[in-house]
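Asks: Submitted below is the structure of interest, expressed as structure tokens.
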């Protein structure tokens, strides 16, 4: 049976996360429904590279689809999109070897978190508006200390699917683009709520509510503070899923928030 790799973007605002659930509208559920409509059968395998929580978006989610079809890849993409709601879009479909697995073959994942430093009329579902002055230099100093293989047990909730809380964070950067603060993090994998809690802690450092040494101490011993500081889902994007041979280091910028990259002319 042919296997395809699907590259998908979506706005997660209206969905209860990626993973299919019986009594909730999910992204996987919508894609599953669309494939059934196109194929006229439920005899297929659809699996994503990772789960995103309710309200979290994706610029480059990857799934594999094992489906018996004679449709060319571009036709399959077009027909699936015809069945999908407007906030989910298949960017590309390509045929891959049968052994390809969207999740198990991923070598790293990168996430983007968008913080708005001003009130916005239209981008609220895609940013976290922080109505406070942020010390970006302090946030960057703290961010550097989160890089490496460390125990992030303070930055997640219990998840039966995870056997270890050790995670290798390869990159954690903070950029300024006008009224946007962009936090990018890349690593081997991420724990449930981990990225949002890292962002929440960095923002607390930037606003002066937490010292850098206090933030780093949360990596050394279990602390309830990151849970209290969890950043909203609205600003988080699964940016890319990386596989062996992929070119890295090319960031993706969501077009819907580009206006925030220009500083506002008036005050907050």
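The values are calculated or read from the model by the stated rules, or taken from the named source; none is laboratory data. Quick caveat, the model's predicted, so the values are computed rather than measured. Counting neighbours? That spans all protein chains shown, and the Cβs are built from the backbone with ideal geometry, glycine included.
Each row is one residue, and each column tells you yes or no for (1) at pLDDT 95 or above; (2) over 30 Å from residue 197 (Cα atoms).
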| position | (1), (2) |
| --- | --- |
| 70 | no, yes |
| 74 | yes, yes |
| 84 | yes, yes |
| 91 | yes, no |
| 112 | yes, no |
| 121 | no, no |
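Asks: Can I ask one more? Could you grab me the full set of residues in the range 103-150 that are assigned to a helix (DSSP H, G or I) and under 23 Å from residue 51 (Cα atoms)?
Replies: Across the range 103-150, the qualifying residues are 124, 125, 126.
Asks: Next question, about the same structure. Take the residues of the range 1-19 that are in contact with a strand residue (DSSP E or B) (Cβ under 9 Å, 6 or more places away or on another chain) and assigned to a loop (DSSP other than H, G, I, E, B): which is farthest from residue 58 (Cα to Cα)?
Replies: Out of the qualifying residues, it is 1.
Asks: For the range 21-55, give me each residue that is in contact with a helix residue (DSSP H, G or I) (Cβ under 7 Å, 6 or more places away or on another chain), surrounded by 17 or more Cβ atoms within 10 Å (Cβ to Cβ) and within 24 Å of residue 110 (Cα to Cα).
Replies: 46, 48, 53, 55
Asks: When you look at residue 169, is it in the same structural domain as residue 237 (by TED's automatic domain parsing) and within 22 Å of residue 224 (Cβ to Cβ), yes or no?
Replies: Here the answer is yes, as residue 169 does meet what is asked.
Asks: How many residues are touching a residue at least 60 places away in the same chain (Cβ under 8 Å), assigned to a strand (DSSP E or B) and more than 19 Å from residue 196 (Cα to Cα) if we restrict to the range 31-68?
Replies: Total satisfying the criteria: 5.
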